[in-house]
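Chemist: Have a look at this one before I ask anything.
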Amino acid sequence: MISLDIPLISNLDVLNNIALIKLYRDNLPKRQAEQLVLKLLNRYKLEDIAYKRSADLTDEHRFCVMLLRAAMINEATIVIDRPFIILHNSQDSSFMKYALNTIDDLYNQCHILDYIWNKDRYIKDNAS
């Protein structure tokens, strides 16, 4: 789940927030988990934030980190709770769509829970 109610762990940097899942859930060796996370951050061109903490991130960077953390579970179903609360400067869903598409091979499904009054902020594909 991606939600402000489930924040990143504040005393861990980005690398360890994401690697934590692979370290403890899959027993992946630390070096291997860190290399995986760096490769995934590179998909977003964000390897430079690997050693930053949550307080030092932009909303977009924090969203990507939360998304990667959620996608670390094998065969993940991602649930995004009120994304415009996390991405409060976004006018539409284009950044969220980009972030999801960039790692679409890492999860099975994604469900977005949001308020009805935000429906017009979602970009529709193949709209006529």
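The values are calculated or read from the model by the stated rules, or taken from the named source; none is laboratory data. These figures come from a predicted structure and were not determined experimentally. Here the Cβ positions follow ideal geometry from the backbone for every residue, glycine too, while neighbour counts run over all protein chains shown. These accessible areas exclude ligands, DNA and RNA; they are computed on the full protein's heavy atoms, side chains included. Shrake-Rupley method; radii C 1.70, N 1.55, O 1.52, S 1.80 Å.
Chemist: Working out 0.36 nm times the residue gap between Asp56 and Gln91, then minus their Cα-Cα distance, what length gain in nm do you get to one decimal?
Modeler: 10.4 nm
Chemist: For the chain, what does the accessible surface come to per residue with a 1.4 Å probe? Please give it in Å².
Modeler: For the chain, the solvent-accessible area averages 59 Å² per residue.
Chemist: I need the chymotrypsin sites (Phe, Trp or Tyr not before Pro) found in region 1-90, filtered to DSSP loop residues with at most 12 other beta carbons within 10 Å of theirs.
Modeler: Taking region 1-90 and a limit of 12 other Cβ atoms within 10 Å, the loop chymotrypsin sites (Phe, Trp or Tyr not before Pro) found are Tyr51.
Chemist: Rank these by accessible area, largest first, 1.4 Å probe: Ile21, Ile103.
Modeler: Ile21, Ile103
Chemist: Give the accessible area for His88 in Å² (nearest 10); use a 1.4 Å probe, count only protein heavy atoms, and leave out ligands, DNA and RNA.
Modeler: For His88, the solvent-accessible surface is approximately 110 Å².
Chemist: Kindly write out, for region 106-118 in residue order, the coupling ³J(HN,Hα) from the Karplus curve 6.51 cos²θ - 1.76 cosθ + 1.60 (θ = phi - 60°), rounded to whole Hz, with x marking Gly and Pro.
Modeler: Result, ordered by residue: 9, 9, 8, 9, 9, 10, 10, 9, 8, 6, 4, 6, 9 Hz.
Chemist: If amide H atoms are built 1.01 Å from N in the plane of the peptide, which residues on other chains or at least 5 residues away come under 5 Å of the amide H of Ala76?
Modeler: Asn108
Chemist: Here is a follow-up. Accessible area of region 14-127 with a 1.4 Å probe: how many percent of it is carbon plus sulfur?
Modeler: Here it works out to 49 percent.
Chemist: Restricting attention to region 23-94, which GluC sites (Glu not before Pro) occupy a DSSP loop and are surrounded by at most 12 other Cβ atoms within 10 Å?
Modeler: Glu75
Chemist: Next up: What's the longest piece of the chain with no exposed trypsin sites (Lys or Arg not before Pro), counting a site as exposed if DSSP puts it in a loop and it has at most 14 other beta carbons within 10 Å?
Modeler: Here the longest segment lacking exposed loop sites spans 46-123.
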